[in-house]
Amino acid sequence: MKTTLRHGKSAFTLIEILVVITIIAVLAAATVGGTRFAKERQKRNQAEIQIQLLAKSLEEYKLDRGIYPATTDSVDGRNNSDILFNALYWDSDDDDEGAGIGDAAGDQDQKIYLDSLDPATSSHKWTQAPASDRTKITDPWKNEYRYRSAKDSTGTQNASTDNVDFDLWSSGPDGESKPSITGDQSNKDDIKL
Ligand SMILES: [Ca+2]
Ligand SMILES: [Ca+2]
């Protein structure tokens, strides 16, 4: 009886140790998971704000120029962020003279629609120096923002666009997006206007 008791007590202590270790492991995992979740949420918020900034600047561009920066038809809007950079920051008057080229007198129609796109000073870190006509605008996961205009440069309607003006979105944490395929898994984490 005495032996059994001692044996039982010893086993209970072992279980206690295992329980404590398990609790510590679970707490540690929860902390890491919670931090990761918070960071992802922060990135999503940042993407939403950046998309709104770009969209607002595009509307201003449209008021001045009568059209949105044109793209050819594109099923996924990939590799078009430099078109946005050109229009909203680099060469808005489309005379092949960028913001950093030539003097102001020679480029009077130049207008910067979104200051924070300046790669040299951007607090967003969404463009990278040196600025050029091929500078890309990236989302918080370092993938290019996706963009496609409803009409191409000749005024012809693009078949793939969802909206009547333009589509602008982030492909999200997975960096993939197939908006032309309804219900595709890669679209679920996308951040749209
Ligand atoms: Ca220019
Ligand atoms: Ca995606």
> Does any residue of the stretch 147-160 turn out to be out of contact with any Gly (no Cβ under 8 Å at 6 or more places or on another chain), among the β-branched types (Val, Ile, Thr) and surrounded by fewer than 17 Cβ atoms within 10 Å (Cβ to Cβ)?
Replying inline: yes
>> Can you find, within the stretch 64-102, the residue that is surrounded by the most Cβ atoms within 10 Å (Cβ to Cβ) among those that are among the charged types (D, E, K, R), within 13 Å of ligand 1 (Cβ to nearest atom) and part of a loop (DSSP other than H, G, I, E, B)?
In response: 91
> So residue 182 clears everything in (1) away from ligand 2 (no atom under 13 Å from the Cβ); (2) under 19 Å from the mean Cα position of the chain (by Cα); (3) among the polar types (S, T, N, Q); (4) open to solvent by 30 Å² or more (accessible area, probe 1.4 Å) except one condition, right? Which one?
Replying inline: (2)
>> Of the conditions (1) away from ligand 1 (no atom under 16 Å from the Cβ); (2) surrounded by fewer than 19 Cβ atoms within 10 Å (Cβ to Cβ); (3) not β-branched (Val, Ile, Thr), residue 143 satisfies every one except a single condition; which number is it?
In response: (2)
>> Just the residues that are open to solvent by less than 30 Å² (accessible area, probe 1.4 Å) and either within 13 Å of ligand 2 (Cβ to nearest atom) or not acidic (Asp, Glu) (or both), please, taken from the stretch 161-179.
In response: 161, 166, 168, 169, 170, 171, 172, 175, 177, 179
>> Here are the criteria: (1) touching a strand residue (DSSP E or B) at 6+ places or on another chain (Cβ under 9 Å); (2) open to solvent by 80 Å² or more (accessible area, probe 1.4 Å); (3) modelled with pLDDT under 95. Tell me which single one residue 48 does not satisfy.
In response: (3)
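Yes/no matrix, rows are residues, columns are (1) more than 27 Å from residue 160 (Cα to Cα); (2) touching a residue at least 24 places away in the same chain (Cβ under 8 Å):
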position: 28; (1), (2): yes, no
position: 44; (1), (2): no, yes
position: 57; (1), (2): no, yes
position: 76; (1), (2): no, yes
position: 118; (1), (2): yes, yes
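The values are calculated or read from the model by the stated rules, or taken from the named source; none is laboratory data. Everything quoted here is computed from the prediction, not taken from an experiment. Here Cβ is always computed from backbone atoms with ideal geometry, including for glycine, and neighbour counts include all displayed protein chains. The area values use the complete protein model at the heavy-atom level, side chains included, leaving out ligands, DNA and RNA. Shrake-Rupley method; radii C 1.70, N 1.55, O 1.52, S 1.80 Å.
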